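The values are calculated or read from the model by the stated rules, or taken from the named source; none is laboratory data. Values in this document were obtained by computation on a predicted structure and should not be read as measured data. All Cβ positions, even for glycine, are placed from backbone atoms using ideal geometry, and neighbour counts span all protein chains on display. Only protein heavy atoms, including side chains, enter the accessible area calculation; ligands, DNA and RNA are left aside. Shrake-Rupley method; radii C 1.70, N 1.55, O 1.52, S 1.80 Å.
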Amino acid sequence: MNKKIMFLFLLCIVAIFAYLTINTYGNWEYALKLRGKRVLAFILVALASSVSTLSFQTLTRNRFLTPGILGLDQLYILIQTSLFFYVGGVQILSQNSVGMFLLQVFVMASLSTAMIYFFMDAFTADLFLFLMVGMVLGSLFSSISTFLQVVMDPNEYDLLQGKLFANFTNVDSNLLGMAAILVLLGSLILWKVAPELDVLHLGRDLAISLGIRVQNFQKIVLFIISVLTGVATALVGPSIFLGFIITTIGYYFFDTYRHRQLFMGCFLIGVLLLVGGQFFVEQIFKWQTTISTVIQFIGGLFFVGKIILERKKR
């Protein structure tokens, strides 16, 4: 096994062990069950975010883009806002969580599938026109959500806020089993097509000349990316910069085009970032904020820094 992969794996084990055991007092069974649930959520979100963002950046040949450009985060916010506006926050929060989770994933995956099959055929040779459709739809979803939130009852709006931000500390344990099945299935499919992604990394024309049916391949991979992004978003909420941070560090750490190695490396970086970050925020610094807020802040700085760095290279 690659030495860097092994090194990251050992760091992840240390981080998980430290998070589960340090500052644990009293009822160990309860504490380990509570923290173990969070660790499982961290692992699932890290896996979904890393493999989906890496595959998306290979399809677009752009390391600044993430699957969020398809408008899935804004669609999640619109779904939550519409449910709280028309049904009521108390009724929604009392519903069967697994059913709501599957409904959200189904709606997000269905919209993405509809976009892929309606618009990709129209923009056969230009994936970026298709991505622009996703950006326009994301803006539309955001505008509708903002309008509903402005006219919403303040009590309902207060309940809604808890659903619109990534929350790793209060993950519903009933969702973890179903989320694990979907994330593992999607990740295995992307692992299976990793050699084709390696070829696509060379460029669309070369991939076609080497026998890859690029149009169909892009549709399949985009659908899997949509499902993985939808599962991660429905599980913990929107986390815009997480995939970008993971893949940016991964590309610097692993100087390779081989996606299987990048998948493993970025997944371990994601686990280390989430578990280690939660450990420092919760146990060392004892901040009142959440790891998702820290990730958004660092991600914004990362994004601006990468833009400045890329401009200096030219």
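Springs between Cα atoms under 10 Å define the GNM used for the chain, and in it the highest mean-square fluctuation of E282, E29, E196 occurs at E29. Across region 267-282, computed HN-Hα scalar couplings (Karplus, 6.51 cos²θ - 1.76 cosθ + 1.60, θ = phi - 60°) run 4, 5, 4, x, 4, 4, 5, 6, 5, x, x, 5, 4, 5, 5, 8 Hz from first to last residue, x flagging Gly and Pro.
Whenever you get a sec, line up R38, R63 from highest to lowest accessible area (probe 1.4 Å, protein heavy atoms).
Descending order: R63, R38.
Per residue, the solvent-accessible area of the chain (1.4 Å probe, heavy atoms of protein chains only, all protein chains present) comes to 50 Å².
Qualifying chymotrypsin sites (Phe, Trp or Tyr not before Pro) in region 1-30, where qualification requires a DSSP coil assignment and no more than 12 other C-beta atoms within 10 Å, comprise Y25. With a Förster radius of 25 Å applied to the beta-carbon distance between L301 and R61, the computed FRET efficiency rounds to 0.50. For region 33-46, 3J(HN,Hα) computed residue by residue from phi via the Karplus equation (6.51, -1.76, 1.60; θ = phi - 60°) reads 5, 5, 6, x, 5, 5, 4, 4, 5, 4, 4, 5, 5, 5 Hz, glycine and proline entered as x. GNM remark for the chain: springs join alpha carbons under 10 Å apart, and the peak mean-square fluctuation among V107, V304, V221 falls on V304.
Of interest is the spacing of the C-alpha centroids, which for region 243-279 and region 169-235 amounts to 16 Å. Spatial offset of region 1-67 relative to region 86-116 amounts to 26 Å, using the alpha carbon center of each. Solvent-accessible surface (1.4 Å probe) assigned to D153 amounts to roughly 80 Å².
Here are labelled values, [x] 111, 71, 36; [y] 65, 49, 35; [z] 62, 51, 39, and one is the computed Cα extents along the principal axes in Å for what I pasted. Which one? This structure yields the entry labelled [z]. Taking a point 7 Å out from the Cα of T169 in the direction of its Cβ, the residues of region 260-277 whose backbone N falls within less than 14 Å of it are 277.
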